[in-house]
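For reference, the structure is listed below as structure tokens.
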Amino acid sequence: MPARDQSARELLAAIRRELAPRDDGNRLVPLVASGSAPRAVFAAIAAEERWIVRSDWRSFHALAAGADEPRAREFFGGLAPGERLALDKLDALAAAAGDDPGTELPRAGCQAYPAYFAWLALNGEAAEVAVAIFANFAAWGRYYAALAAGMREHYGFDDDACAFFDFFAADVPEIEEQALAAIQAGLDAGRLDAGTARTYARLFQSYELMFWNTLADEFAA
């Protein structure tokens, strides 16, 4: 079905179905959920996320500034403050987890994701980037919820230390409404190519999994 003949909901649903078989490819989450990962992995996550959140904050601002469609600006501009809030929550996680034991920091496999996002902020059509981001939101939320649960159950972290993960696990209906409006505007204007949006979404998923699996490989032993 051509993108112009689909609604935003239909397009997102189709892409999510295509991504779903790989959502379970995150090899770190099961380790944390079972208590098998060493505690040091949380120090690594905190250190890597400091780089990522700062970069993503700038990428969201760049996308909002570059979008010439009001609903796209609202979507990206609404996400940017969340990165600032998330950065503040990392302090408690870093304090509870301690120093990152890694020897080559930051890890290239963890930082490929924000590098790709920064590329999209410069090169992507706003509506297509909105599809890519929001198509992966549900999986990201599940990852963070499972990590927070495992941290409390197996590692004794308190609510402050888990706040970063709780923040990204929370369901925010307003974000969905803004994403759908931005995507629908792109469809209505004929500026959203479904194939390109699918490519962006698949790469977002792949780089996200690379982040977690880089850490899984390092800390599984």
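The values are calculated or read from the model by the stated rules, or taken from the named source; none is laboratory data. Please read these numbers as outputs of a predicted model, since none were measured by experiment. Neighbour counts run over all protein chains shown; Cβ positions are idealised from the backbone, glycine included. Note: areas computed on protein heavy atoms with side chains; ligands, DNA, RNA excluded. Shrake-Rupley method; radii C 1.70, N 1.55, O 1.52, S 1.80 Å.
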**Request:** State the Cα centre-to-centre distance between segment 1-54 and segment 171-219 in whole Å.
**Result:** 10 Å
**Complete:** Measure of exposure for Asp166: accessible area at 1.4 Å probe, Å² rounded to 10, is 60 Å²
**Message:** Let's test the formula: R0 of 35 Å, r as the Cβ-Cβ distance of Ala189 and Ala108. What FRET efficiency results, to the nearest 0.05?
**Reply:** 0.40
**Heavy-atom SASA rank of Met151, Met210 (probe 1.4 Å, accessible area, largest first)** = Met210, Met151
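If you roll a 1.4 Å probe over segment 3-82 with all protein chains in place, what percent of the accessible area is carbon or sulfur?
Details: 2030 of 3840 Å².
So the carbon and sulfur contribution to the accessible surface is 53 percent.
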**Prompt:** Round to a whole number: what % of the accessible area of segment 86-167 belongs to carbon and sulfur, probe 1.4 Å?
**Reply:** 52 percent
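How big is D, in µm² s⁻¹, for the chain by Stokes-Einstein at 4 °C and 1.567 mPa s if Rh is the Kirkwood radius over C-alpha pairs?
73 µm²/s
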**Prompt:** Just from the alpha-carbon atoms, what are the Rg and Dmax of segment 119-221 in angstroms?
**Reply:** 16.5, 51
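With every protein chain left in place, what is the accessible area per residue of segment 1-94 in square angstrom, probe 1.4 Å? Provide the component values of the computation, followed by the final result.
Details: 4590 Å² over 94 residues.
Here the per-residue accessible area is 49 Å².
Using the Cα centre of segment 107-221 as the reference point, and only Cβ charges (+1 on K/R, -1 on D/E), how large is the resulting charge dipole? Debye, rounded to the nearest 20. Write down the numbers at each step before the final one.
Values: 6 positive and 16 negative charges, 96 e Å.
Approximately 460 debye in magnitude.
By how many nm would the segment from Thr199 to Glu10 lengthen if fully extended, with 0.36 nm per residue of separation less the alpha-carbon distance? Kindly include the intermediate steps, with their values, before the conclusion.
Numbers: separation 189, 0.36 × 189 = 68.04 nm, distance 1.68 nm.
Taking Thr199 through Glu10 to full extension adds about 66.4 nm, to one decimal.
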**Request:** Using only protein heavy atoms and a 1.4 Å probe, report how much of Arg58 is accessible, in Å² to the nearest 10.
**Result:** 140 Å²
**Message:** Treating only the Cβ of Lys, Arg, Asp and Glu as charged (+1, +1, -1, -1), what charge dipole size does segment 35-153 show about its Cα centre? Round to the nearest 20 debye.
**Reply:** 220 debye
**Item:** 16 Å cut-off, amide nitrogen to a point 7 angstrom out along Arg27 Cα→Cβ, residues in segment 180-221
**Value:** 206-221
